[in-house]
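One structure below.
The values are calculated or read from the model by the stated rules, or taken from the named source; none is laboratory data. Quantities reported herein were computed from a predicted structural model and do not represent experimental measurements. Cβ placement follows ideal geometry from the backbone for every residue including glycine, while neighbour counts extend to all protein chains displayed.
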Amino acid sequence: MKKIMTSIIILLASLSMVVFINTYTVNDLRTEASHALVEKAIDQGIDRLVAEINAIIPLQQEESVLTLKTKIKEDPAVNSLIDKYSLIIIHDLAREEIDTSINEDVQGVLKEYNKEIVGLTGDLINPAYSEIIIDQVVKRIDFDDAYRQGLETVKEKTGPDKLKMIKAIDFFFANIKDIRLMSGIITMVSMVLIIFINRELKKILQSFGLIAGLAFLLNLGTSLIAKGLLNKIDPGLAAQVNISIINPFTLTLLIVMVISIILKNILKSRSQG
């Protein structure tokens, strides 16, 4: 009876530990993937902006244009926008209709670069007129369209079954604090129960080693599944997102497992000697 209870608790502790760890690792993955999608939308919007301005007022010095584009994308204000909308993107993917608008924020940031863009037009047009024209072009660019296109592309490649998974992930993130708290409590209670039921140090170490080992394998599995799923949805996006198979959490589990096995064997050899 004790062995059956211990086995059930080991399985429960391993699963709850995996859930707890993945509230952090999957959240990092969500952030990276979302950042990549929002950054892509802003990048496409900047390309449209440069193309439209170039059609009206030929821009001089192509290298300077590329330098300005890089400067805009590296602007802390732009990075702040990416952070802001990356928190919404999974929710937008899970919904039928997308009503998120990034236009006002992106246009507000780009407005700060009006004078620098005017400087790229050279002496072809009076700078005052150039600034008015560029301001109107910035207002006309639909950054929402680039954002929606990016999401629709992901949806098309995802398919109905995987979209259900995205909706489940959206629910997961909406309740991530509660899930993290509950899984953490279950893990700690399971550890206490293991100690209380077994009491013998050798058996406790063996159980802890099994929990760490099983959780380690399950975490490896979830990382591989996440990597494969993202690659199927969008290989280009997958290339931009770093999914570590071995991360600090899985490495810690591996170390705990090895230490538990070593200590258990030391105690075993001493008891036999």
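Residues in segment 200-225 that are in contact (Cβ under 8 Å) with a residue 40 or more places away in the chain and more than 18 Å from L12 (Cα to Cα): L201, K202, S223. None of Q136, Q149, Q107 is assigned to a helix (DSSP H, G or I), in contact with a Lys or Arg (Cβ under 9 Å, 6 or more places away or on another chain) and at pLDDT 75 or above except Q107.
Yes/no per residue for (1) surrounded by 17 or more Cβ atoms within 10 Å (Cβ to Cβ); (2) closer than 19 Å to I259 by Cα; (3) among the polar types (S, T, N, Q); (4) touching a helix residue (DSSP H, G or I) at 6+ places or on another chain (Cβ under 8 Å):
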site	(1), (2), (3), (4)
N175	no, no, yes, no
L193	yes, no, no, yes
S207	yes, yes, yes, yes
L210	yes, yes, no, yes
A215	yes, yes, no, yes
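Taking segment 92-107, which residues are surrounded by 16 or more Cβ atoms within 10 Å (Cβ to Cβ), within 20 Å of the chain's Cα centre (by Cα) and either within 12 Å of K167 (Cα to Cα) or of a type outside the set (V, I, T) (or both)? Scanning segment 92-107 gives D92, L93, A94.
When I262 is tested against (1) at pLDDT 80 or above; (2) surrounded by 15 or more Cβ atoms within 10 Å (Cβ to Cβ); (3) not hydroxyl-bearing (S, T, Y), just one condition goes unmet, and that condition is (2).
Tell me, yes or no, whether segment 15-29 has at least one residue that is surrounded by 13 or more Cβ atoms within 10 Å (Cβ to Cβ), farther than 21 Å from K177 by Cβ, of a type outside the set (A, V, I, L, M, F, W, C) and at pLDDT 75 or above. For segment 15-29, residues surrounded by 13 or more Cβ atoms within 10 Å (Cβ to Cβ), farther than 21 Å from K177 by Cβ, of a type outside the set (A, V, I, L, M, F, W, C) and at pLDDT 75 or above: absent.
Residues in segment 66-77: is at least one within 23 Å of A51 (Cα to Cα), at pLDDT below 75, within 21 Å of the chain's Cα centre (by Cα) and surrounded by 14 or more Cβ atoms within 10 Å (Cβ to Cβ)? Yes, segment 66-77 contains a residue that is within 23 Å of A51 (Cα to Cα), at pLDDT below 75, within 21 Å of the chain's Cα centre (by Cα) and surrounded by 14 or more Cβ atoms within 10 Å (Cβ to Cβ).
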